[in-house]
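The structure appears below as structure tokens.
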Amino acid sequence: MPAPDDRIRLAIVDDHKMLLGALTEWIRNAASDITMVAAVSTWPDLLIHPEFPVDVVLLDLDLKDSIPVSLKISTLKTAGVKTVLMSTYSEPNVVREALAAGAFGYLVKSEDAEMIVEAIRSATKGESYVSAELDLALNAVDVGGAPKLSAQERRVMALYGGGEPVKAVAFQLGISEETAKSYLKRIREKYRVAGIDVGTKVALRKRAILDGILIATSPPSDF
């Protein structure tokens with residue numbers, strides 16, 4: 001378990017009290033490296049909270065106030081806080097605007113706890129993270145073209161295509177086996193949308209080499 005000083009200090013802002021409570025419990029149970037220091041229902045409550053500023057804020061895009069989300073993100077950025085947005089909406093233009101404003105992540109609220117945790121960790125490292133369904137919409141490519149993968153997806157593809165089993169991929173990247181499987185599913189879905197079949201390990205390896213993600217060596221067994 002990480003030392004208290006090494007844990008990610010997280011605040012959640014969501015005006016749906018039941019969801020706020022559920023998210024708090026999910027994250028506490030899913031990640032020993034994240035400390036929940038604030039769970040509030042309004043933007044002002046976050047700013048006056050004694051634990052603010054935190055490392056990352058999981059911010060509901062749909063708060064019923066008149067404050068533009070770009071101003072919220074800018075305020076957090078000035079305070080040295082990374083923003084991950086949550087919404088029930090998955091409109092690509094809204095996502096693009098949020099990311100352009102400086103958000104490090106964008107999640108639909110149906111995302112499972114593992115991926116929410118991964119988005120928080122990615123934000124801490126300065127990496128962008130969006131839900132799989134949004135990622136596909138944002139990064140749609142012409143058939144035959146390579147899809148855009150996140151840094152973590154490229155790492156997973158390189159390790160798995162290089163011959164590592166899922167369990168070893170998860171261990172090397174410090175994520176759970178289920179999260180590693182979720183990444184592989186996302187990778188395969190992105191390629192499928194681009195008209196490229198990487199359903200087997202051999203096919204995925206060949207594509208990783210073709211797209212410059214993996215340097216060709218002796219082929220792995222297809223397990």
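The values are calculated or read from the model by the stated rules, or taken from the named source; none is laboratory data. For clarity, every value in this text was computed on a predicted model and none was experimentally measured. So basically every Cβ, Gly included, is an ideal-geometry build from the backbone, and we count neighbours across all protein chains shown. Note: areas computed on protein heavy atoms with side chains; ligands, DNA, RNA excluded. Shrake-Rupley method; radii C 1.70, N 1.55, O 1.52, S 1.80 Å.
Observations
- Accessible-area composition of the range 1-126, carbon plus sulfur, in percent [1.4 Å probe]: 55 percent
- Å² of accessible area per residue within the chain, as computed with a 1.4 Å probe and no ligands counted: 49 Å²
- Legend: calculated FRET efficiency, Ser70 to Val193, from the Cβ-Cβ distance at R0 = 41 Å, rounded to 0.05, equals 0.90.
- Proximal charge balance of Gly161 [Cβ under 9 Å; K/R count +1, D/E count -1]: +3
- The chain: most fluctuating residue of Leu46, Leu149, Leu71 per GNM, C-alpha cutoff 10 Å: Leu71
- Out of every Cα-Cα pair that the chain contains, those further apart than 30 angstrom amount to 28 percent.
- Solvent exposure ordering (accessible area, 1.4 Å, most first) of Thr179, Thr124, Thr78: Thr78, Thr124, Thr179
- GNM result for the chain, Cα springs below 10 Å: residue of Ser150, Ser32, Ser128 fluctuating most strongly: Ser32
- Shape class of the range 2-48 from the Cα gyration tensor (axes a ≥ b ≥ c, square roots of the eigenvalues): oblate, since a/c reaches 1.5 or more and a/b does not exceed b/c.
- One Cα centroid belongs to the range 28-88, the other to the range 142-182; the line between them spans 29 Å.
- Stokes-Einstein, applied to the Kirkwood radius of the range 29-113 over Cα pairs at a viscosity of 0.890 mPa s and 25 °C, places its translational diffusion at 182 µm² s⁻¹.
- Span-like helix ranges in the chain, DSSP H, alpha carbon extent 18 angstrom or more, Kyte mean at least -1.0: 17-30
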